[in-house]
Amino acid sequence: MDLEQAKSFTDRCSQCAAVSWGLTDEGKYYCTSCHNVTDRSEEVVSTAVIPNTKINSICRGLRKRSRHEKGWDWYVCEGFQCILYHQAEALKTLGVGPELKDKVLHNFWKRYLQKSKQAYCKNPVRTSRKKAKVLEDNQQSSDWASELELLSDTSYPLESGAEFQSEPQIPKPFPVTKASPKSEAPDVCSGSVDGVEYSEWKEKGVLKMTVPRTLALCSLSLLWQRETITLSDLLRFVEEDRIPYRNAFQLFPEEMKVYGRDKGIFAIESWPDYEDIYKNMIEVAIFLDLPRFPDITEDCYLHPNVLCMKYLLEFNLPDEMHSLTCQVVKMTGIGEVDFLTFDPIAKKKRTVKYDVQAVAVIVVVLKLLFLLDDRLEWSYSALAETYNEEHKEDKPQFDFRKWYQVMKKTFDEKRRQWEEARAKYYWKTKRPIYRSHIDKSVAYKRREMVKNLQKQFSALLGTTPVVEKKAPSSFQFSWTEGDTDSPCFHGHSLQGLLITKGQSLITKNSLYWLSTQKFCKSYCKHVTTYEESNFSLSYQFILNIFSFLLRIKTSVLHEEVSLIEKKLFEKKYNESKRRSRPKKVRRH
């Protein structure tokens, strides 16, 4: 009705030059494109009520702002709680048990709120250092708080002075902090109540929650439950948009307005990094004073013997290599329970990258078998090729050259698709973030322009086929017996690479070169450095393909290989440190 009444006004807008007008509640004209309000008002002549009298304006009464326009008063910690809730729900759809959300993650989050003194304590404080009154049954926001609550009982005691401990039969939702009415001044710099203060909050001894640390909390919960999802799997599922991370604030209820400083807190415009998330895991676990995690035994998925078998299938390597990886695990002691179990409060904390460690063991075994010096592996390949041609009916011997060709072709195609997907990823969100209420109309107008341009380009390019999203899987590659394009090497034999010595089998190759001859001093954080020019092409290829599948840097895998070699060849390593030139050492 307002637009029809404003059609008679045909002047151009002084700001955007558009001719598209509407009427305000006071009867003044405003531009629907840029929301510029003019001084002109609609002139209405009504002779039915007062004859021969001109009415200069129409007033229909002031309308109250709707609930969606104003939004709720919400705190930053409630935003992170919403993200954790959706991440936990996503993990449930991936096959993780409900106990992870209802018990483990819930209690970790409780403990964090208590340790940071944001809730579940006698005097919760905010970044403004002002005491806040906790209201457990806030009727104003109970309709969405009940949706996000993670109900469970505590699995370990928290601080004795906490007030939140209630009867375990009646778990209560997270308390919502009662705040003063939000100012509607145009210079408000955040949609959340404490967004500005939170972004500037720096307190010694307090770990601020961030979006990457929500992933760290999820990873710690998975580790506590000993689930079959490693950190590299978790980050891969984030890449595939199966777990909320980038622009997770879009999952907030519509009433939770996000703008201004909230963008720096919740908007993520980069891919998660393995080392960064792993470091956050350690920091969060120490800050929460978490007790010793459940033991990692031989029947657990995270044990190196189990993970090595999984990655041997992933990398299309012979099954017979598993016995060699088990021997390396036993000789180095990395399969012991005390070594594998995470204990944040121990004096000598051991941190294990379970997936990286398992892959590093496979790399060491490949070096034991083939040396990977760009010479020996190719000579062994020639012998295996000759044997397979002469004994076609027998079990084929593992041919390193053929495996290299198959893996390189598959790896190059997989990497190309991955790079294309990253290049095409659209970082802009459907829910635009604006700096303040003044910029809201501009932000939405720009978003509409972008959508219109995308529609026009799509129309010019034609319809693009919709790619169906594949079901989630722990494996990125699939190998099938008899497939000529991607042959399977799982059943191939290592007969030509092993010799009998007494009652045991040993590798035919008796040489080995150490990936790192000189480690940094104990006070240095860097264990070793990796420069591709210093290593053979075969070793570079192995590290590149393995590190890509784990979504880690090549130097991280090289460092883990060096640490395992240091444990495996401790005596040889100490001897090689005294020498400056020789690189190869004899194993037997």
key: Subset tally (residues that are free of Cβ contacts under 8 Å to residues at least 60 places away in the same chain, in a loop (DSSP other than H, G, I, E, B) and in contact with a helix residue (DSSP H, G or I) (Cβ under 9 Å, 6 or more places away or on another chain)) for region 256-282   = 2
task = May I ask you to list the residues in region 70-89 that are within 17 Å of the chain's Cα centre (by Cα) and open to solvent by 10 Å² or more (accessible area, probe 1.4 Å)?
result = Gln81, Tyr85, His86, Glu89
remark   = Selection from region 479-500 of residues open to solvent by 80 Å² or more (accessible area, probe 1.4 Å), modelled with pLDDT of 80 or more and not in a strand (DSSP E or B) yields Gln495
task = Check Ala285 against each of (1) of a type in the set (A, V, I, L, M, F, W, C); (2) buried (at least 16 other Cβ atoms within 10 Å of the Cβ); (3) within 11 Å of the chain's Cα centre (by Cα) and name the one condition it does not meet.
result = (3)
note = Across region 245-270, the tally of residues that are touching a strand residue (DSSP E or B) at 6+ places or on another chain (Cβ under 9 Å) and hydrophobic (A, V, I, L, M, F, W, C) stands at 5
ask   = Can you tell me how many residues in region 375-417 are assigned to a helix (DSSP H, G or I) and open to solvent by 60 Å² or more (accessible area, probe 1.4 Å)?
value = 17
message = Just to check your reading of the model, which residue among Thr528, Thr507, Thr516 is open to solvent by less than 80 Å² (accessible area, probe 1.4 Å), modelled with pLDDT of 70 or more and within 34 Å of the chain's Cα centre (by Cα)?
response = Thr516
inquiry  = Can you pull out every residue in region 209-235 that is open to solvent by less than 50 Å² (accessible area, probe 1.4 Å), farther than 20 Å from Asn247 by Cβ and either among the charged types (D, E, K, R) or touching a Cys at 6+ places or on another chain (Cβ under 7 Å) (or both)?
reply    = Glu227, Asp233
note = Considering region 313-347, residues that are touching a residue at least 60 places away in the same chain (Cβ under 8 Å) and surrounded by fewer than 15 Cβ atoms within 10 Å (Cβ to Cβ), and then whichever is farthest from the chain's Cα centre (by Cα), we arrive at Met331
task = For region 297-310, name all the residues that are surrounded by fewer than 20 Cβ atoms within 10 Å (Cβ to Cβ) and not in a loop (DSSP other than H, G, I, E, B).
result = Asn305, Val306, Met309, Lys310
ask   = Which residues, counting only those in region 69-110, are under 20 Å from Phe249 (Cβ atoms) and of a type in the set (Asp, Glu)?
value = Glu69, Asp73, Glu78, Glu89
query = Somewhere in region 355-367, is a residue under 31 Å from the mean Cα position of the chain (by Cα) and either of a type outside the set (A, V, I, L, M) or at pLDDT below 95 (or both)?
reply = yes
task = Report yes if Ile542 is modelled with pLDDT of 85 or more, of a type in the set (A, V, I, L, M), under 39 Å from the mean Cα position of the chain (by Cα) and not in a loop (DSSP other than H, G, I, E, B), otherwise no.
result = yes
inquiry  = Condition check: modelled with pLDDT of 95 or more and among the β-branched types (Val, Ile, Thr). Does Val352 satisfy that?
reply    = no
note = When region 220-237 is checked residue by residue, the ones that are of a type outside the set (Phe, Trp, Tyr), closer than 20 Å to Arg292 by Cβ and assigned to a helix (DSSP H, G or I) are Leu220, Ser221, Leu222, Leu223, Gln225, Leu231
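So is Phe457 at pLDDT below 70 and more than 30 Å from Gly195 (Cβ to Cβ) or not?
Judged against the criteria, Phe457 is a match.
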request  = Run Pro253 past the list (1) under 30 Å from Gly79 (Cβ atoms); (2) open to solvent by 20 Å² or more (accessible area, probe 1.4 Å); (3) in a helix (DSSP H, G or I) and report the number of the one that doesn't hold.
outcome  = (3)
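The values are calculated or read from the model by the stated rules, or taken from the named source; none is laboratory data. As the structure is a computational prediction, the values presented were derived from the model and not from experiment. So basically every Cβ, Gly included, is an ideal-geometry build from the backbone, and we count neighbours across all protein chains shown. These area figures cover heavy atoms from the full protein model, side chains too; ligands, DNA and RNA do not enter into them. Shrake-Rupley method; radii C 1.70, N 1.55, O 1.52, S 1.80 Å.
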